[in-house]
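**Q** Here it is, the structure, as structure tokens.
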Amino acid sequence: MNETIAALAGTGASIDVQGISKRYRDTTALDDVSLQVKAGEFITLLGASGSGKSTLLNIIAGFIEPTSGRIEVAGKDITTVPPYKRDLGMVFQHYALFPHMDVWENVAFPLRRRKVARAEVERQVRQALDVVELGRLAKRRPSELSGGQQQRVALARAIVFRPRALLMDEPLGALDKRLREQLQLEIKRLHSELGTTFVFVTHDQEEALAMSDRIAVLRDGALVQVGTPEELYERPSSRYTAEFLGESNIFTGHHRGARFIDATTKADLAVGETGDCAGALVLRPEHAHLAAPGSDIPIGHNVLNGVVRDVIYLGSGLRVEVTLPDGRAIVSRPAARGRYTPEPGTGVLVHWHAERALVVPDHPSVAP
Amino acid sequence: MACQVTVPSTRERVSAHDADPAPAAPRPPRRAGGLLDRWGSLVLPLVAFLLVVFVLPLAFVLAQSFTEPEPGLQNYTDFFGSPVYLDVLANTFRIAGMVTVVTLLLGFPYAYLMTLAGPFWRGVLMVAVLVPFWTSLLIRTFAWVLMLSDTGVINTVLREIGLISEPLPLLRNLTGVLIGMSQVMLPFAVLPMYATMRSVDRRLVQAAEGLGATPLQAFWRVYAPLTAPGVAAATLLVFVSSLGFYVTPALLGGPGDVMIGELIAKQLSGVLRWGFASALAIALLVVTGLLLALVARFVDLRRMLGGAR
């Protein structure tokens, strides 16, 4: 198994996206996007529909011509190179298997186009099908396979010719949840064992967090933030990233010195960094602790009074919704068996360490 | 309700059969209350019509081929024993085959262009292929005579601009027949191919290019095979329809281009050998049927013609 994967392993190429824009008659799909993908990296383009993530992938693949900008693969400008000469593997959400060919012929297709010798085609197709564990279905037609099997065939077809990078356009979007999670693991395993560059497009933030080395968040055709999943989660640079990735408690207000003044309640909260701007305070639920009224709060913590509205048992912990006096809700995720057990309808203190909350400016794009 | 007895719908027959092994099982009363059967009976006028104008005359023709002028196989032995008549049969198939090739070669790119064009130009192309459809066959054929004759439009223009000194032989020969018949048959080639092409997922062509196929390879390895059902349907439709042509080859063709339709007409109205004409018609029908049966061995005809998926 590992031997066959090793046989298909290649060295991934770096992909350098330089100032790519794509304008249609009256809309801008991509606006001056620059992104450096390192060789062998698993990068995810994450965004809602219409964010331009698929457009960017199709520009890298060569199916869409950019209005301006350059694409370099392994240091070479390929902006005007047609797709069939780019040597990039592509996996589509709709699988795009050739219905008139069986599984074996589908996987052999890229090798045949490269005039690989017959015996070599035989060997490499076998290997690729073994990698996705579909060797026994080689003679089936795509229409005789389940969605998950079809996508595995598409994967085998995309890696069989050892492409310089693998581009995947929402490859798991058409599959149900269980299958999606299973294939996420398989794709991640493929990446670590092949060592090729992976560019993965999804709108599913959990998928992005689970799979990627780095995530590029796109919004309305512009790049919002690029970073490791941890960076994006712990240090979002904008309210959009904070809300898009994971659950957040957000307070809008003003950042002054090491304080944050909430706009509605005028509550004065301590924060770790200093600054002076309008912005939002982002507090992740796992950093929001709960305590019984009157109990001691550690030094350096902010405290808010509230009433427990809802407690949901999640197995690994609790998800508690607390209503603040001004009616807003705040979410906390304490451990299931802490010292304090929240009861719906009772008063509660919500507290967090000043360093744990983050202030993001309202207009991060203004900064250079 | 007697109609239900004479022509039971498929559904009724199936359900009756299903009920046989388990008559004890209580079956819910059918909500439709025979509605389907009543809808099914709507087909009766057509069945009656076909019976009167098609099946009965055909049976009559078949009988006549064995009985006129006297009972026996005389008409068939005459036909199959004479190289002249067999030549006409062979000629019929040869011309139909050539017309098929010509219409496919013209129709395939035309249909492809229709799938590429925007809504406006697609409409224009569609009308262009359908307009001849709406004019009388006889008028179209005479129009071709005016176009193709030695002093016709084409030869006159070519002579005027000095491209030729002697008129091109376009009429009363195979060229004329092929031009005339191909024009008539073109819609039958274009429409089924267009219908199939429209349903081909063009993203597959893109995928092929992403996997290393040049645009030409992507077209021939992926797109073209997926249009095969349409091409097959067009082939069948054009070929079989061409076999029965009469007016066009008679007016545009020469003595060497006699097709069996023309021969049948001559036997009927010229020499009044009704029995022999019947035998010719039956022979054409049988040979065509055999040919279709042969094709059906290799191709799923029902699927090709959109009957079943």
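The values are calculated or read from the model by the stated rules, or taken from the named source; none is laboratory data. The structure presented is a predicted model; accordingly, all values stated were derived computationally and were not measured. For neighbour counting, all protein chains shown are included, and Cβ atoms are generated from backbone atoms with ideal geometry for every residue, glycine included. Remember, those area values only see protein heavy atoms, side chains included, never the ligands or the DNA or RNA. Shrake-Rupley method; radii C 1.70, N 1.55, O 1.52, S 1.80 Å.
**Q** For region A:248-366, what is the relative contact order in percent, using Cα pairs closer than 8 Å and at least 6 residues apart in sequence? Don't skip to the end; give the middle numbers.
**A** Details: 284 pairs, mean separation 37.1, N = 119.
31 percent.
**Q** Quick one: what does P(r) look like for region B:61-304 with 10 Å bins over all Cα pairs, in whole %?
**A** Taking every Cα pair in region B:61-304, the percentages come to 7, 24, 28, 23, 13, 4, 1, 0.
**Q** At 7 Å along the Cα-to-beta-carbon direction for both A:Glu181 and B:Leu137, put a label point, then send me their distance in nm to one decimal.
**A** Result for the modelled spin labels: 6.7 nm.
**Q** Moving on to the next point. Could you work out how much longer the chain between B:Leu268 and B:Leu158 gets when fully extended? Use 0.36 nm per residue separation minus the Cα distance between them, nm to one decimal. Let's see the in-between values first.
**A** On the way: separation 110, 0.36 × 110 = 39.60 nm, distance 4.07 nm.
So the extension gain works out to 35.5 nm.
**Q** Sticking with this one: Explain nothing, just the number: relative contact order of region B:114-231, from Cα pairs under 8 Å at least 6 residues apart, as a whole percent. Spell out each step's value before the answer.
**A** Numbers: 81 pairs, mean separation 25.5, N = 118.
22 percent.
**Q** Next up: Once each part is reduced to its C-alpha centroid, what is the distance from region B:38-59 to region B:223-294 in angstrom?
**A** Region B:38-59 and region B:223-294 have Cα centres spaced 25 Å from each other.
**Q** If you take the accessible area of B alone plus A alone and subtract the pair, what total do you get in square angstrom, rounded to 100, with a 1.4 Å probe? Each step should come with its number before you reach the end.
**A** Numbers: alone 18880 and 17760 Å², together 34940 Å².
Its buried surface, counting both partners, is about 1700 Å².
**Q** With a 1.4 Å probe on protein heavy atoms only, tell me which residues of region A:109-129 lose at least 30 Å² of accessible surface in the complex relative to the chain by itself.
**A** Checking the loss per residue gives A:Phe109, A:Arg113.
**Q** Taking the 0 to 90 degree range and rounding to the nearest ten, how far is the long axis of helix A:118-131 tilted relative to the main principal axis of chain A, both from C-alpha atoms?
**A** Here the helix axis deviates by roughly 20 degrees.
**Q** Give the shape of region A:125-192 as rounded, prolate or oblate, defined through the alpha-carbon gyration tensor: a ≥ b ≥ c are the square roots of its eigenvalues, a/c under 1.5 means rounded, and otherwise the shape is prolate if a/b is larger than b/c and oblate if not. Please report the intermediate quantities before stating the final value.
**A** Details: a/c = 1.59, a/b = 1.03, b/c = 1.55.
In terms of gyration-tensor shape, oblate.
**Q** Pop a pseudo-label 7 angstrom from the Cα along the beta-carbon direction at both B:Glu166 and B:Val43 and give the gap in nm to one decimal.
**A** It works out to 6.0 nm between the two label points.
**Q** Here is a follow-up. Sum up the lysine pairs in the protein assembly as shown that clear both bars: alpha-carbon distance under 23 Å and a spacing of 8 or more or different chains.
**A** The result is 15.
**Q** Please report the carbon-and-sulfur percent of the accessible area for the protein assembly as shown; probe 1.4 Å, protein heavy atoms only, DNA, RNA and ligands left out.
**A** Working: 21070 of 34940 Å².
Reported share for carbon and sulfur atoms: 60 percent.
**Q** A further question follows. Just counting partner chain Cβ atoms within 10 Å, what average do the residues of peptide B:211-220 show around their Cβ?
**A** Details: counts 19, 16, 7, 4, 3, 0, 4, 3, 0, 0.
Mean number of neighbouring Cβ atoms from other chains: 6.
**Q** Suppose R0 equals 51 Å. What FRET efficiency, 1/(1 + (r/R0)^6) with r the Cβ-Cβ distance, do B:Leu51 and A:Thr80 give to the nearest 0.05? Write down the numbers at each step before the final one.
**A** Details: r = 67 Å, r/R0 = 1.32.
In this case the efficiency is close to 0.15.
**Q** Also, quick follow-up: In debye, nearest 20, what is the charge dipole magnitude of region B:61-304 about its Cα centre with +1 on Lys and Arg Cβ and -1 on Asp and Glu Cβ, if you could check? Numbers along the way, then the final one.
**A** Numbers: 14 positive and 12 negative charges, 165 e Å.
Charge dipole of region B:61-304: 800 debye, to the nearest 20.
**Q** Take the alpha carbon atoms of region A:195-264, find their center, do the same for region A:124-177, and report the distance between the two centers in whole angstrom.
**A** 31 Å
**Q** Counting Lys +1, Arg +1, Asp -1, Glu -1, what net charge surrounds A:Asp220 among other residues with beta carbon under 14 Å of its beta carbon?
**A** On the way: positive: A:Lys22, A:Arg23, A:Lys53, A:Arg219; negative: A:Asp31, A:Asp32.
Around A:Asp220, the surrounding residues sum to +2.
**Q** Once both axes come from the Cα atoms, what is the angle between helix A:147-159 and the longest principal axis of chain A, in degrees from 0 to 90, rounded to 10?
**A** Between helix and principal axis, roughly 70 degrees.
**Q** Tilt of helix A:177-194 relative to the longest C-alpha principal axis of chain A, in degrees (0 to 90, nearest 10)?
**A** On a 0 to 90 degree scale, this one is about 70.
**Q** Counting each DSSP H run of 4 or more residues in the protein assembly as shown as -39500 (n - 2.57), what helix-only mean residue ellipticity at 222 nm follows after dividing by all residues, to the nearest 500 deg cm²/dmol? Before the final figure, lay out each step's value.
**A** Numbers: 27 runs with 300 residues, N = 677.
Result for the protein assembly as shown, helices only: -13500 deg cm²/dmol.
**Q** Probe of 1.4 angstrom, ligands and nucleic acids ignored: what's the accessible area per residue over region A:221-332, in square angstrom? Present the calculation step by step, with values, prior to reporting the outcome.
**A** Values: 5270 Å² over 112 residues.
Here the residues of region A:221-332 average 47 Å² of exposed surface.
**Q** While we're looking at this one, here's another question. Give the percent of DSSP beta bridges with both residues in the protein assembly as shown that are antiparallel, rounded to the nearest 5. Mind dumping the intermediate values first?
**A** Details: 59 of 77 bridges.
Of all bridge pairs located within the protein assembly as shown, approximately 75 percent are antiparallel.
**Q** How high is the FRET efficiency from A:Glu193 to A:Ile261, r the C-beta distance, R0 41 Å, rounded to 0.05?
**A** Details: r = 52 Å, r/R0 = 1.26.
Efficiency computed from Cβ-Cβ geometry: 0.20.
**Q** Now for a separate question. Measuring from label point to label point, each 7 Å out along Cα→Cβ, what is the A:Thr341 to A:Glu286 span in nm?
**A** Placing both labels 7 Å along Cα→Cβ, they lie 2.5 nm apart.
**Q** Could you work out, residue by residue across B:193-203, how many beta carbons of other chains sit within 10 Å of that residue's beta carbon, and then give the average as an integer? Write down the numbers at each step before the final one.
**A** Values: counts 0, 0, 0, 0, 0, 0, 0, 1, 4, 0, 5.
The shielding value for this peptide is 1.
**Q** Here's a follow-up. Filter chain B for me: DSSP H helices, axial length by Cα at least 15 angstrom, mean Kyte-Doolittle hydropathy not below -1.0. List them by residue number. Please report the intermediate quantities before stating the final value.
**A** On the way: long enough: B:56-67 (16 Å, 1.52); B:83-116 (49 Å, 1.31); B:119-130 (16 Å, 1.61); B:137-148 (16 Å, 2.02); B:174-199 (36 Å, 1.15); B:228-243 (22 Å, 1.86); B:274-298 (37 Å, 2.10).
Both cut-offs are met by B:56-67, B:83-116, B:119-130, B:137-148, B:174-199, B:228-243, B:274-298.
**Q** At 0.36 nm per residue, and after removing the present C-alpha to C-alpha distance, how many nm does the segment from A:Ser146 to A:Ser295 gain when stretched out fully?
**A** Numbers: separation 149, 0.36 × 149 = 53.64 nm, distance 5.69 nm.
Contour length minus the Cα-Cα distance gives 47.9 nm.
**Q** Averaged across the residues of A:92-101, what count of C-beta atoms belonging to other chains lies within 10 Å of each residue's C-beta? Numbers along the way, then the final one.
**A** On the way: counts 5, 0, 4, 3, 10, 2, 9, 6, 7, 3.
Average neighbour count from other chains, rounded to a whole number: 5.
**Q** Okay, next question. Find the relative contact order for chain B and round it to a whole percent, using C-alpha pairs within less than 8 Å whose residues are 6+ positions apart.
**A** Values: 293 pairs, mean separation 75.5, N = 309.
Relative contact order comes out at 24 percent.
**Q** Still on this structure, I have one more. Where the Cα atoms of the protein assembly as shown are projected onto their three principal axes, how long is each span, largest first, in whole Å?
**A** That gives 122, 82, 53 Å along the principal axes, largest extent first.
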